[in-house]
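First the structure, in the form of structure tokens, and then the observations on it.
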Amino acid sequence: GFGLFVRSLVGLDRNAAKELFANYLAEGTHSVTQIRFINAVIDELTNKGSVDPSRLYDPPFSDLAPTGPEGLFTSAEAGEIFNLLNLIRNRANPQIAA
């Protein structure tokens, strides 16, 4: 949709992206690798505006989590990351939003 296209050109505001993942970036609760992974997701959101969850199995993400997010996070956390990415996509694509 047009919203996704515009966002692909301008990206997502970095602070907005960081806020979405604030609970993952809280110090002391996650490993350095987990935080690097989330920061890579934030970088991609900042550059491209949205991230298809399937991208998390490709470089640069697979460099940090060779078996995918499920190998790095609990299944609940991985599910939450996927849910956030889908939410961001749906917000940029009003036709899909309920």
What tally of residues in the stretch 13-38 results from selecting those that are assigned to a helix (DSSP H, G or I) and either in contact with a Ser or Thr (Cβ under 6 Å, 6 or more places away or on another chain) or open to solvent by less than 80 Å² (accessible area, probe 1.4 Å) (or both)?
13
Here is a list of conditions, (1) open to solvent by 70 Å² or more (accessible area, probe 1.4 Å); (2) closer than 17 Å to residue 14 by Cβ; (3) hydroxyl-bearing (Ser, Thr, Tyr), and residue 50 meets all of them except one; can you say which number that is?
(1)
Of the criteria (1) buried (at least 16 other Cβ atoms within 10 Å of the Cβ); (2) modelled with pLDDT of 95 or more; (3) not in a helix (DSSP H, G or I), which one residue 66 fails:
(1)
Count of residues meeting criterion [assigned to a helix (DSSP H, G or I) and under 20 Å from residue 92 (Cβ atoms)] in the stretch 39-60:
13
Only one of these conditions is not met by residue 73: (1) touching a Phe, Trp or Tyr at 6+ places or on another chain (Cβ under 6 Å); (2) assigned to a loop (DSSP other than H, G, I, E, B). Which number is it?
(1)
Taking the stretch 60-81, which residues are under 21 Å from residue 14 (Cβ atoms) and without any contact (Cβ under 8 Å) to a residue 12 or more places away in the chain?
80
Quickly run through the stretch 18-40 and pick out the residues that are modelled with pLDDT of 85 or more, touching a helix residue (DSSP H, G or I) at 6+ places or on another chain (Cβ under 8 Å) and hydrophobic (A, V, I, L, M, F, W, C).
21, 35, 37, 38, 40
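The values are calculated or read from the model by the stated rules, or taken from the named source; none is laboratory data. Owing to the predicted nature of the structure, the values given are computational and were not obtained by experimental measurement. Because the Cβ atoms are built from the backbone with ideal geometry, glycine has one as well, and the counts that use them run over all protein chains shown. Areas reflect the complete protein model, heavy atoms only, side chains present, ligands, DNA and RNA absent. Shrake-Rupley method; radii C 1.70, N 1.55, O 1.52, S 1.80 Å.
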